[in-house]
1. Ranked highest first by the average count of other Cβ atoms within 10 Å around their residues, in what order do 268-278, 58-68 fall?
2. Taking the Cα centre of each part, how many Å lie between segment 147-210 and segment 225-241?
3. Please get the size of the charge dipole for segment 58-138, origin at its Cα centre, with Cβ charges of +1 on Lys and Arg and -1 on Asp and Glu, quoted in debye to the nearest 20.
4. State the percent of C-alpha pairs, over all pairs in segment 93-157, separated by a distance greater than 14 angstrom.
5. Please state the charge dipole magnitude for segment 146-206, taken about the Cα centre, from unit charges on C-beta atoms (+1 on K and R, -1 on D and E), reported in debye and rounded to the nearest 20.
Amino acid sequence: MNATLRIPPALALSALLLFTMPLQVAAQAPSPSPSLGPPATQQELDAITERGRALYAYDQAAWHGTDAAHAIAGNDTAGLGFYIARRTATGWTVDFGTLDSTGKSFVTVFEAQSNDGARFTAQRLTPPRNDTGFLVAAAHAIKTVEAQFTFDSAYHYNVAVLPRDDGTMYVYLYPASSADAPAPFGGDGRFTVSADGLQILEAHRMHRRVLWQSFAYPKPGAHLVAGFLHEVIEDRPQDSDVFLVLWRKPSIPQYVNARGQMYFIRTDGSIEYKGPAGSTPG
């Protein structure tokens, strides 16, 4: 399965939610884990925040850039095997194309550009442009990861390729959402890939299963205060947890019980350690 089909994010969807009545919290956190590991350091939490924010920015650029490209491409999707977003000195560029037969050149058919990551202008390149460098490496990285990733056939997937300072890349695969259905969350992974895109250096599963997120309306007299998520793989939040908080509208923070350690993700993506789980979030 190829994850290059871009599905725009849905609006206003969330995880299990906490509501408050006046002077009352309507949900309790789970009991502490019997085998509680050490919590993440603030440095580790800040790194998760940084990656989650970068993933969200990429996702938004890819979403709006794809909308702009679709507006001029119509049903003509020939040669559009990949979409690859890049942050530039002036904003974002999203390139649409495919690798040539040698695998040494990326043939760009459409390109969308933006100064703010939201309003994109797209153009068809006639003739198509042969690119090298990052676009070639990123396309190979997507192919390499897709060949190893276990997809859930019930979902389309989005992909993000984020360059790292050492020349390697993070490749994220995560289930796509649509505007007319609940949002799938989880079943996602982050892969560290070599600079040429041909070798996976580390595979990190963020969440095992895909969960449907549905919007829940508060009862009269109550108001929505936070989402809640239970992690089972690691004792710390994941990059896509931050992504979810930034992406969800209306914006609400999120509590994460990560194997008995409670964290709080603010609406700006920053993370605070709250202590062992087992008491009412506060």
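Please treat every number below as a calculation from the coordinates, not as lab data. As the structure is a prediction and not an experimental result, all values here were calculated from the model. With ideal geometry, Cβ positions are generated from the backbone for all residues, glycine too; neighbour counts draw on all protein chains shown.
1. 58-68, 268-278
2. If we compute the Cα centre of each part, the gap is 17 Å.
3. In total the dipole reaches around 140 debye.
4. Summing the P(r) of segment 93-157 above 14 Å gives 65 percent of all pairs.
5. Computed about the Cα centre, the dipole is about 100 debye.
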